[in-house]
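Working notes for the structure below.
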Amino acid sequence: LIQFVGAAIVYFAVTPLLGETVGQGAMICVMAPIAMAAVVIGGMLGGNVTMMVPYSLICNLVTAIIAPYMLHAFGDGSCTFMQIIARVAPTLIAPFVVAQFCRWLLPKVAAWFSSHSSISFYLWLISLILVMGRTTLFILNADAAPMVEIELALVALVLCIVQFKAGRFLGRYTGDVVATTQSVGQKNTIFAIWLSLNFLNPIASIAPTAYIVWQNLTNSWQMWKHERAKR
């Protein structure tokens, strides 16, 4: 509901004020599914990983079903279910299948990875460096009016704060504030950028690109606060 109803509400609220492009950028920041990296961060913050993993799978599959209809209504309408599945399967479904394969046939390998779960954090850091580099390059090369870029970035900042806050509020009812906060707030922004570039006004992709910066600043602050509380 937050993803799809929220995306439609945001689109219709922002478009009359700031224009179609900014409205599309805002919509995609809300419609984007949970990032798999959210499981890593959620685990580090003490969240329930066993809840987040199935949620991330279900969330991305539901996105593959519903997103084409949303993009048909607010974009060029050429997106299909198989296009989205082809995009998310290598980074979402394939690792899950490999992990289950290891658990069943290579239990010692699975046990080693389980006892060295901190590796995932360093893999996330490496991917973050690459993503932030690509983000900077994309913004520098974007062919958009400076004011539109600023509006897209600011809208992404507001939506980042709102979604993390909404997740924290809902976490009081799910029984796991950390898991719900990350599940709602941390988005698969690379996938959102791909959707924007291919099925919306390409300039709208600046919003999810900026969201990368905001959500990782938020994650850094949360991890710093968590580590400080443990001392």
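The values are calculated or read from the model by the stated rules, or taken from the named source; none is laboratory data. Just so you know, these numbers come straight off a predicted model, no measurement behind them. As a convention, Cβ positions derive from the backbone with ideal geometry for all residues, glycine included, and neighbour counts pool all protein chains shown. The accessibility values were calculated without ligands, DNA or RNA, using every heavy atom of the protein model including side chains. Shrake-Rupley method; radii C 1.70, N 1.55, O 1.52, S 1.80 Å.
Tell me which residues come under 5 Å, amide H to amide H, from Ile34 once H is placed; ignore anything under 5 positions away on its chain.
Placed amide hydrogens put Asn188 under 5 Å from Ile34.
At what distance in nm do the modelled label points of Ala8 and Ile119 sit from each other, each positioned 7 Å from its Cα along Cα→Cβ?
Between Ala8 and Ile119, the simple spin-label model gives 4.4 nm.
In Å², and per residue, what accessible area does the chain have when probed at 1.4 Å with the other protein chains present?
On a per-residue basis, 53 Å².
Of the candidates Met31, Met82, Met52, which one comes out as most mobile in a Gaussian network treatment of the chain with C-alpha springs shorter than 10 Å?
Of the options given, Met82 has the highest mean-square fluctuation.
If you find the alpha carbon centre of segment 7-70 and of segment 89-137, how far apart are they in angstrom?
Computed from Cα coordinates, the inter-centre distance equals 21 Å.
Of Ile129, Ile84, Ile65, which is the most mobile in a GNM of the chain whose springs link Cα atoms less than 10 angstrom apart?
Of Ile129, Ile84, Ile65, the most mobile in the Gaussian network model is Ile129.
Residues in segment 74-98, backbone N under 17 Å from the label point at Ile126 (7 Å along the Cα-to-beta-carbon vector): list them, ranges by number please.
91, 95
If you place +1 on the Cβ of every Lys and Arg and -1 on the Cβ of every Asp and Glu, how big does the dipole about the Cα centre of the chain come out, in debye to the nearest 20?
960 debye
Hey, what do the phi angles of segment 104-111 turn into as Karplus ³J(HN,Hα) couplings, whole Hz, using 6.51/-1.76/1.60 and θ = phi - 60°, x for Gly and Pro?
Computed from phi, the couplings for segment 104-111 are 7, 9, 10, x, 5, 5, 4, 5 Hz.
When ranked by the protection proxy of mean other Cβ atoms within 10 Å per residue, highest first, what sequence do the peptides 101-114, 16-29, 170-183, 145-158 form?
Packing order, densest peptide first, comes out as 16-29, 170-183, 145-158, 101-114.
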